[in-house]
1. With everything on Cα atoms, drop me the angle between helix 119-146 and the longest principal axis of the chain, reported from 0 to 90° to the nearest 10.
2. If I ignore ligands, DNA and RNA and count only protein heavy atoms, how much of I71 is accessible to a 1.4 Å probe, in Å² to the nearest 10?
3. Just to confirm, what accessible area per residue do you get for the chain at 1.4 Å probe, in whole Å²?
4. In degrees between 0 and 90, to the nearest 10, how far off the longest principal axis of the chain does helix 94-110 point, with axes built from Cα atoms?
5. Could you pull the accessible area for Y84 with a 1.4 Å probe, rounded to 10 Å²?
6. Could you sort 85-95, 119-129 so that the peptide with the highest average Cβ count within 10 Å comes first and the rest follow in order?
7. Hey, could you grab the Kirkwood Rh for the chain? Inverse mean 1/r over distinct alpha carbon pairs, Å, one decimal.
8. Taking Cα atoms, how many degrees apart are the long axis of helix 42-53 and the longest axis of the chain, rounded to 10 and kept between 0 and 90?
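The values are calculated or read from the model by the stated rules, or taken from the named source; none is laboratory data. Treat the numbers as computed from the prediction; the structure is a model and nothing was measured. Every residue, glycine as well, gets a Cβ built from its backbone with ideal geometry; the counts of neighbours run over all protein chains shown. Note: accessible area is taken over every heavy atom of the protein model, side chains too, but ligands, DNA and RNA are not part of it. Shrake-Rupley method; radii C 1.70, N 1.55, O 1.52, S 1.80 Å.
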Amino acid sequence: MNTQSRAYRISILSLFLAIVFIQNVVPFLGYIPVGPFSIVIIQVTVVIAAVLLGPKNGAWVGLTWGLINWIRAFVWPTSPMAIYVLVNPLVSVLPRLLVGLISGWVLLKLVRDVHDAKVWQLSLAGIVGSLVNTVLVLGFMAGMYYMGWLPLDKLNVSAFMPWLLGIMATNGIPEAIMSAVLVPLISKPLLRYVK
């Protein structure tokens, strides 16, 4: 890769990092509040970064999202559970890093050259990225709860799991559908400009 091409990719990566930062701090750009929870849009940005720049750079964008999310859990939580759960980097940082990494890997397994990616392949990368976020965040929450790492001693166990499954259904499914539609819609035209 020549110096000009490398500088071009670094500037695109910087643009994605700035977009993720803005989505985290400006209301309704990254999280759409629905009752006490939020539907997340930021995974779409992370998956698009992974599609355009590869899994490694997608992981950097996801890591940035996770770190901002972790800091927000202390100063400006996005939900009532954030102050208990997202203060742990296993829940707030690791799944977000893996969104970019895994969705980028999935696309590379499906196509030899991302410029030849079909809409269904880009949609699948978007769905995988969204599900990685939902399943890992909620899975780590459940695991930490059962290991006693969450300060939720008064919580009724029989009520906790249906609540997590409810979040998966009410948030996870719309997020996956949204990713399946938006990732190819945005990334397909942008692939023409990425070398």
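1. Taking Cα atoms only, the helix is inclined about 30 degrees.
2. Accessible area of I71: about 90 Å².
3. 51 Å²
4. 40 degrees
5. Rounded to the nearest 10, the figure is 90 Å².
6. Per-residue mean Cβ counts within 10 Å order the peptides as 119-129, 85-95.
7. 17.0 Å
8. 30 degrees
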